[in-house]
Amino acid sequence: MKRFAFVSNAAEREYKDLPDGIQDEFGKDLRRIQYGEDPILAIKNLSSSVGSGVTELIINGSPAYRCLYVTKYEDAVIVLHSFSKTTNGVDQPAMNLAQQRLKELQAALKKS
């Protein structure tokens with residue numbers, strides 16, 4: 001089993017600010033991933049846009065919700081960013097934030 005972590009306190013706060021039902025749905029899939037199972041929600045690989053190994057869990061609707069995580073470090077499922085979106089298309093500020101957090105994670109891992 002992989003351990004579970006948030007990349008930062010801010011990432012944990014964002015996740016906990018999501019509606020309870022959304023947290024529940026994301027949480028069930030994040031647990032599946034911890035145990036090496038496939039998620040039930042739709043996913044999108046963001047390696048080319050955010051960074052290597054980053055995956056997006058998708059809950060569509062109005063608003064839609066996203067949870068971005070990476071599993072290639074520290075034998076862990078690490079949540080980078082969770083957010084709601086109200087427009088179609090890529091939420092570039094959210095992708096940029098996730099990319100920045102991934103870089104910070106990689107830098108911290110190099111130091112340890």
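The values are calculated or read from the model by the stated rules, or taken from the named source; none is laboratory data. Because the structure is predicted, anything quoted here is derived from the model rather than measured. Neighbour counts run over all protein chains shown; Cβ positions are idealised from the backbone, glycine included. Keep in mind that these areas ignore ligands, DNA and RNA; they rest on the heavy atoms of the full protein, side chains included. Shrake-Rupley method; radii C 1.70, N 1.55, O 1.52, S 1.80 Å.
For residues that are farther than 14 Å from TYR65 by Cα and assigned to a helix (DSSP H, G or I), tally how many sit in the range 1-23. Qualifying residue count for the region: 5.
Being of a type outside the set (Ser, Thr, Tyr), in contact (Cβ under 8 Å) with a residue 12 or more places away in the chain and out of contact with any His (no Cβ under 9 Å at 6 or more places or on another chain) is the filter here, so list the residues in the range 1-16 that pass it. The answer is MET1, LYS2, ARG3, PHE4, ALA5, PHE6, GLU12. Evaluation of PHE26 against the conditions (1) outside any helix (DSSP H, G or I); (2) in contact with a Cys (Cβ under 7 Å, 6 or more places away or on another chain) shows that the sole unmet condition is (1). Scan the range 40-74 for residues that are of a type in the set (Ser, Thr, Tyr), closer than 29 Å to LYS111 by Cβ and assigned to a strand (DSSP E or B) and jot them down. The answer is THR55, TYR69. Of the listed requirements (1) crowded, with 19+ Cβ neighbours inside 10 Å; (2) basic (Lys, Arg); (3) in a helix (DSSP H, G or I); (4) without any contact (Cβ under 8 Å) to a residue 60 or more places away in the chain, LYS110 misses just one: (1). Looking at GLU56, GLU37, GLU74, which one is in contact (Cβ under 8 Å) with a residue 12 or more places away in the chain and loosely packed, with under 15 Cβ neighbours inside 10 Å? Every option except GLU74 fails the conditions. SER82 meets the stated requirement of being part of a strand (DSSP E or B) and either modelled with pLDDT of 95 or more or open to solvent by less than 60 Å² (accessible area, probe 1.4 Å) (or both).
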